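See below for the structure under consideration.
The values are calculated or read from the model by the stated rules, or taken from the named source; none is laboratory data. In this text the structure is predicted, and so the values were computed from the model without any measurement. Cβ: placed from backbone, ideal geometry, glycine included. Neighbour counts: every protein chain shown. Each accessible area value is taken on the protein alone, full model and side chains, heavy atoms only, with ligands, DNA and RNA left out. Shrake-Rupley method; radii C 1.70, N 1.55, O 1.52, S 1.80 Å.
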Amino acid sequence: IARFDDDCRLEIDVDPTWIDDATAERFADALRTQLEAIAAGIEPDDRSIMAGPAVDEAPRPLADVVRDAARKTPDATAIETVDGARWSYAELDAAADRLAGRIAGDDRPVDAPVALLMEPGAGFPIGVLAAMRAGGAAMPMPAEAPVGRIAALLARARPAAFLVEGEAMRSLAEAALR
């Protein structure tokens, strides 16, 4: 989560069941080295995670890419779920806009994160796009994490909105917010 107040802070929170402390430290050290090099105006070397093929156009926010795809190819498939449901770019774009309007209307700080607790499916990318369009950052919550871990993540990040999909996820969210 990056927060911009007087400066920028990046917190990396890892789940110890997936990443051990030594690996997390190596990753943090590599990231710190790259960020310090960028701040000093030094080009990353070829081994850098930032090195890659040249791109002809400047990077654009994902929400803009989806909006452009909805204009240019509205009926093209944007999402196909494992159960066979399909969402076109026009449907994805419209659903993300509706949800972003609800999030933005909640009188919250513009750059506040939006927590997502969802099983894989069409709701997840809609939630991510909605968070971006509402001016926040999407903060996916690990559904397999213990309730206490989710509660601790929420307490630290202080999301302005919490998007939940499905009864099992709703029960987990309610337990974490107690």
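Other residues whose C-beta falls under 11 angstrom from the C-beta of ALA70 contribute a net charge of -3, scoring Lys and Arg +1 and Asp and Glu -1. Placing a pseudo-label 7 Å from each Cα along the Cα-to-Cβ vector at LEU62 and ALA168 gives an inter-label distance of 2.3 nm.
Sorting ILE79, ILE19 by accessible area puts them as ILE19, ILE79; the probe is 1.4 Å, largest comes first, and only protein heavy atoms count.
Would you mind pulling out the separation of the Cα centroids of the stretch 60-98 and the stretch 120-161, in Å? Computed from Cα coordinates, the inter-centre distance equals 20 Å.
Annotation: Cα Rg of the stretch 66-178 relative to the compact-globule expectation 2.2 N^0.38 Å equals 1.10. Between beta-carbons, use under 12 Å as the cut-off and find the net charge around ILE79, counting Lys and Arg +1, Asp and Glu -1. With Lys, Arg at +1 and Asp, Glu at -1, the net is -3.
When you count, for each residue, the other Cβ atoms within 10 Å and take the mean per peptide, how do 32-40, 69-77, 155-163 rank with the highest first?
Top of the packing list down: 155-163, 69-77, 32-40.
For the stretch 100-178, the solvent-accessible area of protein heavy atoms averages 49 Å² per residue (probe radius 1.4 Å; ligands and nucleic acids excluded).
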